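Here you go, one structure.
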Amino acid sequence: MKLWIGWLRRRRTQGAEQSQRATENEAPGRSVLLVDLAGEVAAFPEQKLRSGGFGLRLVRGEEEALAALAQGQFSAIVVSGRARVPFFRALRAATRAPILALDRGAQEGHMLEAFAAGVDQFQAQPISPDEVVARLMALLRQG
């Protein structure tokens, strides 16, 4: 048990250090919080976003996302993977930033619930890296 607690503390410290470095390198007005719920971060166009001038902070899971929002402001939020509707409501309550949800095999009922909970755009995956960047730029123009 002590080993687990020690590992968890080290992991949190490392995550905070990485987040600080990522925040320092973000482009003003174009910072994106990427919430990876599906464990498919390798498939996400991180490099494409960075080369498009977006600062990027990656978190895994709902709790980390809400903690990140409590620590800083983001221009947009991208949720990759199946999110629960209460999580979308919590995101909307925590920020006015546009929310783009990416979900593999999304059904119409879930999409409609997500929109009602505050999601600005919902896209079924797969989605090209160029399209993600284009959608984010469109969302930021609207805001």
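Could you size up the charge dipole of the range 88-143 around its Cα centre, putting +1 on the beta carbon of Lys and Arg and -1 on that of Asp and Glu, and report it in debye to the nearest 20? Can you show the working numbers first?
On the way: 6 positive and 6 negative charges, 53 e Å.
Here the size comes out at about 260 debye.
Along the Cα→Cβ direction, 7 angstrom out, place labels at Phe115 and Arg50. What is the inter-label distance in nm?
3.5 nm
What percentage of the solvent-accessible surface of the range 32-126, computed with a 1.4 Å probe over protein heavy atoms, is contributed by carbon and sulfur atoms? Don't jump to the answer; show the numbers that get you there.
Numbers: 2200 of 4560 Å².
With neighbouring chains kept in place, the figure for the range 32-126 is 48 percent.
Accessible area per residue, 1.4 Å probe, Å², for the range 60-99: what's the number? Could the numbers behind the result be given before it?
Details: 2080 Å² over 40 residues.
Normalised by residue count, the accessible surface of the range 60-99 is 52 Å².
Hey, if you put +1 on the Cβ of every Lys and Arg and -1 on every Asp and Glu Cβ in the range 87-129, which of Pro126, Leu91, Ala116 ends up farthest toward the positive end of that dipole?
The Cα lying farthest towards the positive end belongs to Leu91.
Moving to a separate point now. Treat each spin label as a single point 7 Å out from the Cα along the C-beta direction, and report the Gln123 to Arg141 distance in nm.
For Gln123 paired with Arg141, the spin-label model returns 1.4 nm.
Find the percent of Cα-Cα distances in the range 88-143 that exceed 18 Å, and round it to a whole number. Mind showing how you got there, number by number?
On the way: 538 of 1540 pairs.
Summing the P(r) tail past 18 Å for the range 88-143 gives 35 percent.
How many nm is it between the label spots at Glu131 and Arg84, if each spot is 7 Å from the Cα in line with the beta carbon?
Here the answer is 2.9 nm between the modelled labels.
If you don't mind, another one. When you have a sec, figure out the Kirkwood radius of the range 44-94 from all distinct Cα pair distances and drop it here in Å to one decimal?
On the way: mean 1/r = 0.0836 Å⁻¹.
Kirkwood radius, the range 44-94: 12.0 Å.
Can you check what the net charge comes to around Asp120, using other residues whose Cβ is under 10 Å from the Cβ of Asp120 (Lys, Arg +1; Asp, Glu -1)?
Numbers: positive: Arg92, Arg135; negative: none.
Summing Lys/Arg as +1 and Asp/Glu as -1 gives +2.
The values are calculated or read from the model by the stated rules, or taken from the named source; none is laboratory data. The structure presented is a predicted model; accordingly, all values stated were derived computationally and were not measured. Note that each Cβ is placed from the backbone with ideal geometry, even for glycine, and that neighbours are counted across all protein chains shown. Keep in mind that these areas ignore ligands, DNA and RNA; they rest on the heavy atoms of the full protein, side chains included. Shrake-Rupley method; radii C 1.70, N 1.55, O 1.52, S 1.80 Å.
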